[in-house]
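One structure is given here, and the rest of the page talks about it.
The values are calculated or read from the model by the stated rules, or taken from the named source; none is laboratory data. Please read these numbers as outputs of a predicted model, since none were measured by experiment. So basically every Cβ, Gly included, is an ideal-geometry build from the backbone, and we count neighbours across all protein chains shown. We work out accessible area using only protein heavy atoms, side chains counted, and drop any ligands, DNA or RNA first. Shrake-Rupley method; radii C 1.70, N 1.55, O 1.52, S 1.80 Å.
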Amino acid sequence: MPTDEQYHDGGCTCRYVRYRMTSSPMFVHCCHCRWCQRETGTAFALNALIESDRVQLLQGEVEIIDTPSNSGKGQKIARCPRCHIALWSHYAGAGEALSFIRVGTLDDPDRFPPDIHIFTDSKQPWVVLPPGIAAMPEFYKASEHWPQESLERRAALRAKSPQRQ
Ligand SMILES: [Zn+2]
Ligand SMILES: [Zn+2]
């Protein structure tokens, strides 16, 4: 039985939607692409990548909005149907088996700082990246940056949804 410390709860602004990550994420992206800048209205997006079967809806429901994406393949954004805050996204590739949780919607977002900065080619110039953390001009290979445990989790996820490889 996991302790409460292993749960990471979050929700929208009106508190209709409450969710729980039942473990830590595999990896955390800080994405500086123009698309994330526009979608957030800020300088970057902070996404915690986690298996969707480790995300539980505790309360409410989400509305899935088909949204264009940088890749051209689109993304599905899970939003609160009332206040429309974006809680997580699914992208083409792993599809709905993998959730990109918006770290800022967690009750304790400080727990998950970025593991990598991506698309730094379009980083806003005032954002100064900390030393000692990977920063990629565009995307990257998970095999070169993820910890072994996370790569094993990703492999297990792919084994469960082989049609998406
Ligand atoms: Zn809401
Ligand atoms: Zn982005």
To the nearest 20 debye, region 1-96 has a Cα-centred charge dipole, built from +1 on Lys and Arg Cβ and -1 on Asp and Glu Cβ, of 340 debye
Percent antiparallel among DSSP beta bridges confined to the chain, rounded to 5, stands at 85 percent
Across Pro114, Pro81, Pro125, the residue with the highest GNM fluctuation in the chain (Cα network, 10 Å cutoff) is Pro125
Report in % the part of the accessible area of region 20-132 that belongs to carbon and sulfur, leaving out ligands and nucleic acids; probe 1.4 Å. 52 percent
Under the rule a/c < 1.5 gives rounded, and otherwise a/b versus b/c splits prolate from oblate, where does the chain land using the Cα gyration tensor? rounded
Taking every other residue with Cβ under 12 Å from the Cβ of Ala86 and scoring Lys and Arg +1, Asp and Glu -1, one gets +1
Kindly state, as a whole number, the per residue volume in cubic angstrom of the convex hull around the alpha carbon atoms of region 39-101. 90 Å³
Here the net charge surrounding Leu151, from other residues whose Cβ is less than 12 Å away from its Cβ (Lys, Arg +1; Asp, Glu -1), is +1
Per the 1/(1 + (r/R0)^6) rule, R0 = 25 Å and r from the Cβ atoms of Arg111 and Arg15, FRET efficiency to 0.05 is 0.80
Where a Cα-Cα gap under 21 Å defines reach, which lysines qualify for Lys73, not counting those fewer than 8 residues away within the same chain? Lys141
Hey, can you find the accessible area per residue of region 30-165 for me, probe 1.4 Å, expressed in square angstrom? 57 Å²
